[in-house]
1. Would you work out which of Gly219, Leu273, Pro310 lies farthest towards the positive end of the dipole of the chain? Charges go on Cβ: Lys and Arg +1, Asp and Glu -1.
2. I need Leu272, Leu21 ordered by Cβ neighbour count within 10 Å, fewest first.
3. Determine, for Ser300, Ser70, Ser334, the number of other Cβ atoms within 10 Å of each Cβ, and report the residues in order from fewest to most.
4. Compute the whole-percent fraction of alpha carbon pairs in segment 246-345 spaced more than 24 Å apart.
5. If contacts are Cα pairs under 8 angstrom and at least 6 residues apart, what is the relative contact order of segment 113-213 in percent?
6. Using DSSP, restrict attention to beta bridges with both residues in the chain and report what percent are antiparallel, rounded to the nearest 5.
7. Suppose a student asked you for the relative contact order of the chain, using Cα pairs under 8 Å spaced at least 6 residues apart; what percent would you report?
8. Using a Gaussian network model on the chain with a 10 Å cutoff between Cα atoms, which of Ala72, Ala296, Ala209 fluctuates the most?
Amino acid sequence: MSEYKERIIITGGAGFIGSNLLLNLVPTYRDRLFINVDCLTYAGNLLNLKDIENTDNYRFEHIDIRNYESLAECFRKYKPTGIIHLAAESHVDRSITGPAAFIETNIIGTFNLLELSRKQVESGDNLRFHHVSTDEVFGSLGDTGFFTEDTPYSPNSPYSASKAASDHLVRSYHKTYGLDVVTTNCSNNYGPYQFPEKLIPLMIRNARAELPLPVYGDGQHVRDWLYVEDHCRAIDLVFHRGKSGETYNIGGHNEITNIELVRLICRILDDLLGGGPYERLITFVKDRPGHDRRYAIDASYIEHQLGWVPQHTFDNGIRKTVQWYLDHEDWLESCISGQYLKYYEEMYDKR
Ligand code: NAD
Ligand code: DAU
């Protein structure tokens, strides 16, 4: 391992954003070792990482971040020089029906990583800790205004409350122990490899199967969508060049109501598949409890400080995304059937 001067743990690397990040970082930085720490919940899928699984500078460690001892062993083995922490329970609806896992992974799991980082630094081996968080910690906006880095925290779901708690822990480890931390709070991501419980892949899968397209409440809730590759570029920038102790908001300047977005997806499917209009499948259903009305990010700090700007327009990104899910029906199936677990056993347990 010592042949690599930089050894970076990516937690949650088999999930949506984590796998997009690894697919970008591993080939870009061939002189750095990337260690994917993931316990493969329903949301983790090693098929996402097929293109890099045999690359020299990539390793997979099947570890649950709730398990301090397993994580400690991993720290001893790799002595990481950096951590980019994405592992989390990430779905708001699941946090409403089963909040315990969110408390355990998002809070205790983050605490375990911070403690081990603190101990490693105190024993003389420095590291940078990048915490990947969400705009949901800020709560809900009215019709106007934007979330900035100074917006007070006001989480409304067990998911966002658990992420807010983890953000506070990260901050406290910087203030109290001087740990080198950076935090990013990003808006809704979209793109390849998103688990089909989230709005965009769910709508595409359901439309394809002629199932209802469930829109919560009146459909007038607003989200600010960012193509996942643009988020990954921002993470790369902040991890390498962000100021220690700072937080950076990341967003797409791309607000749209849920109903407009679902109608847009239907029109794209009409074009690509025929058999429309898919809008006929739209079904208004009971609202999500505590449903935040509007999110919108002011990203001017990261734009001015680090020169980040999104490279994908929403028109291109959403078309590309719909096409990707249509081209990857097997992948969608693997999420539902858990086929990837079998794949995992074959790939790793036999080594
Ligand atoms: P995801 O649910 O797709 O993936 C989460 C990954 O974490 C999975 O691979 C899962 O197996 C792993 N994981 C979960 N619990 C674990 C545990 N106890 N130990 C080890 N691994 C565990 O999530 P995502 O959408 O890729 O989000 C990644 C991160 O980015 C999260 O921290 C989320 O809060 C944050 N975020 C997401 C978005 C978004 O729009 N998806 C936006 C802003 C921030
Ligand atoms: O803002 C960042 C957050 O974005 C991340 O922190 C979360 O991890 C990520 O899941 C996402 O949270 P949302 O709750 O905004 O995403 P979701 O895809 O679940 O829902 C998007 C919007 O669509 C939301 O207003 C609820 C609505 N919705 C969702 C589903 C799944 C529907 O109307 N129908 C649905 O079936």
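1. Result: Pro310.
2. By the 10 Å Cβ count, ascending: Leu272, Leu21.
3. Lowest count first: Ser300, Ser70, Ser334.
4. 49
5. Once normalised by length, the contact order is 31 percent.
6. Of the beta bridges lying entirely in the chain, close to 5 percent run antiparallel.
7. The value is 18 percent.
8. Residue with maximal mean-square fluctuation among Ala72, Ala296, Ala209: Ala209.
Every number in this text was worked out from the coordinates using simple rules, so none of it is lab data. No experiment lies behind these values; they were computed from the predicted model shown. Glycine gets a Cβ as well: all are built from the backbone with ideal geometry, and neighbour counts include every protein chain shown.
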